[in-house]
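S.K.: Below: one structure in structure tokens.
Just so you know, all these numbers are worked out from the coordinates, no wet-lab data involved. These figures come from a predicted structure and were not determined experimentally. Positions of Cβ are backbone-derived with ideal geometry, glycine not excepted, and every protein chain shown enters the neighbour counts.
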Amino acid sequence: SKSSSFVGGSWYDNKNSYLIINLNGTNYHYCSMPIEVWKQFKSASSLGKFYNSRIKDQYDCRLGGVPEY
């Protein structure tokens, strides 16, 4: 398992295209994120760089797509 300086863990819900990522001890939520982006993230050589360039400031849950658990 690859570790990153600030990515503490990440969880993706395929059914709801919903990502939770832990950064420096805080959980951040991303909605309607395609599974392709998740797969690329998991195989990225640097999780932090991939997060900053491809996930951060995108997939805003305020725009909808929040799963109802």
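S.K.: Where the only charges are on Cβ atoms (+1 Lys, Arg; -1 Asp, Glu), what is the dipole of the chain about its Cα centre, to the nearest 20 debye?
M.R.: Approximately 260 debye in magnitude.
S.K.: Between Ser53 and Glu36, what is the label-point separation in nm under the 7 Å Cα-to-beta-carbon projection?
M.R.: My value for the distance between the label points is 1.7 nm.
S.K.: Per the Kirkwood definition applied to all pairs of different Cα atoms, how many angstroms is the hydrodynamic radius of the chain?
M.R.: It works out to 12.2 Å.
S.K.: Karplus couplings for the stretch 21-38 from phi (6.51 cos²θ - 1.76 cosθ + 1.60, θ = phi - 60°), rounded to Hz, Gly and Pro as x?
M.R.: 10, 9, 10, 6, x, 10, 8, 10, 10, 10, 10, 6, 8, x, 4, 4, 5, 4
S.K.: May I pose another question? Amide H to amide H under 5 Å from Leu23: which residues, 5+ apart in sequence or cross-chain, H placed 1.01 Å off N in plane?
M.R.: Gly8, Tyr28
S.K.: Please state the relative contact order of the chain as a whole percent: Cα pairs under 8 Å, 6+ residues apart?
M.R.: Answer for the chain is 30 percent.
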